[in-house]
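Below are the structure tokens for one structure; questions will follow.
The values are calculated or read from the model by the stated rules, or taken from the named source; none is laboratory data. None of these values were measured; they are calculated from a predicted model. Reconstructed Cβ throughout: ideal geometry from the backbone, glycine too, with neighbour counts over all protein chains shown. Heavy atoms of the whole protein, side chains included, go into the accessibility calculation; ligands, DNA and RNA do not. Shrake-Rupley method; radii C 1.70, N 1.55, O 1.52, S 1.80 Å.
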Amino acid sequence: MAMSSTPNILLSLFSVHFLLSLVKINEAKVPAIIVFGDSSVDAGNNNYIPTIARSNFEPYGRDFNGGHPTGRFSNGKIATDFISQAFGLKGAIPAYLDPSYSISDFATGVTFASAGTGYDNSTSNVLSVIPLWKELEYYKDYQTKLKANLGDGKANDIIKDALYMISVGTNDFLENYYAVPGRSSQYTIKEYENFLVGIAGNFTKALYDLGARKISLGGLPPMGCMPLERTGNLMGGSECVNSYNNLAAEFNSKLNDLVIKQNKELNGMDMVFSDPYGIMLDIIQKPAFYGMLYYSMSLFIIA
């Protein structure tokens, strides 16, 4: 879960990298961006549920329009905002639970994401946030409202041609498996990876069955380089925890295999695997190359 701000320069770089992976999808018109996941893509849904996992206080949002916190775990926009703008859509994707927006606002983009959640239902229980299955239920509700507002024909076109973005998984390992008793006594780490990949596959298949065709399945960042993990790595000189980074890379490989498999099995599926690991690790290791005099891990959190 991201509890500190992510600088816009990093998100801009990641967004450009991500868009390069969507060349095929980008050839077609994308009428809306529809988002599922955790704090990396939560635009404020957690502000409207009873949880401590919120970012509705300063300094969050200091570089957002107006300079006020929005519920995004960032100093300004998050990656999906930049991506929406790059597709010629709105500059900021609103949170579905934000009562200041209506279905007409959501027609070109909406996020159902909830900071602190994961693929595993038990992960969302840790901080009482929205589980992934509930995000899908909100999406079904969104479809009903969209059809009522625009009519079945236009709504179905949006549903079919929209880009669906999924960014989740880090919390399953860092806030659940390695942090609280339960899953670690039920599964070995490799078994747990496979358990999560199975959930991911069921989720993307459910989206497909609901009409989604263009899907971006996001991978994990180098999670061993997150502030809490580095701070706790005293024996390692507060450097990145390599075992966690290796786990993220291994899990990403399994997600990529899932994408390849479902693209073959599901007619018309146009899914890509978006891997943030390499570009983010490169930024960490070579900050000067990206125009930063130094690299502060306290500012780098995507989860």
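Return yes or no: is ALA155 assigned to a helix (DSSP H, G or I), open to solvent by less than 10 Å² (accessible area, probe 1.4 Å), over 26 Å from ILE189 (Cα atoms) and out of contact with any Pro (no Cβ under 9 Å at 6 or more places or on another chain)?
yes
Next question. Restricting attention to the stretch 197-212, and to residues there that are closer than 15 Å to LYS261 by Cβ and without any contact (Cβ under 8 Å) to a residue 40 or more places away in the chain, which single residue is least open to solvent (accessible area, probe 1.4 Å)?
Looking at the filtered set, the residue picked out is GLY198.
Results for (1) acidic (Asp, Glu); (2) touching a Gly at 6+ places or on another chain (Cβ under 9 Å); (3) over 17 Å from ASP38 (Cβ atoms), shown as yes or no for each residue.
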| site | (1), (2), (3) |
| --- | --- |
| GLY61 | no, yes, yes |
| PHE64 | no, yes, yes |
| HIS68 | no, yes, yes |
| ARG72 | no, yes, no |
| ILE78 | no, no, no |
| ILE83 | no, no, no |
| LEU89 | no, yes, yes |
| ALA95 | no, yes, no |
| SER102 | no, no, yes |
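Go through ASN267, ASN252, ASN263, ASN246 for me and flag whichever is polar (S, T, N, Q), surrounded by fewer than 20 Cβ atoms within 10 Å (Cβ to Cβ) and in contact with a strand residue (DSSP E or B) (Cβ under 8 Å, 6 or more places away or on another chain).
Unique residue meeting the criteria: ASN263.
Let me ask something else. Please indicate, with yes or no, whether at least one residue in the stretch 214-232 is of a type outside the set (A, V, I, L, M, F, W, C), open to solvent by 30 Å² or more (accessible area, probe 1.4 Å), assigned to a loop (DSSP other than H, G, I, E, B) and at negative phi.
no
With the requirement that a residue be outside any helix (DSSP H, G or I), modelled with pLDDT under 95 and open to solvent by 10 Å² or more (accessible area, probe 1.4 Å), what does the stretch 24-40 give you?
The answer is GLU27, ALA28, LYS29, SER40.
On the given criteria, is LEU258 at pLDDT 85 or above, assigned to a loop (DSSP other than H, G, I, E, B) and within 28 Å of TYR138 (Cα to Cα)?
So LEU258 does not fit the description; no.
Oh, and also: Please enumerate the residues belonging to the stretch 106-141 that are assigned to a helix (DSSP H, G or I), in contact (Cβ under 8 Å) with a residue 60 or more places away in the chain and surrounded by fewer than 20 Cβ atoms within 10 Å (Cβ to Cβ).
Within the stretch 106-141, SER122, LEU136, LYS140 qualify.
Any residue in the stretch 271-282 that's closer than 13 Å to ASN245 by Cβ: show its pairings with residues that are open to solvent by 40 Å² or more (accessible area, probe 1.4 Å) and of a type in the set (Gly, Ala, Ser) at Cβ separation under 7 Å, as long as the two are six or more apart or on different chains.
From the stretch 271-282, the pairs are TYR277/ALA249.
Tally up the residues in the stretch 74-88 that are open to solvent by 30 Å² or more (accessible area, probe 1.4 Å), in a loop (DSSP other than H, G, I, E, B) and touching a residue at least 12 places away in the same chain (Cβ under 8 Å), please.
1
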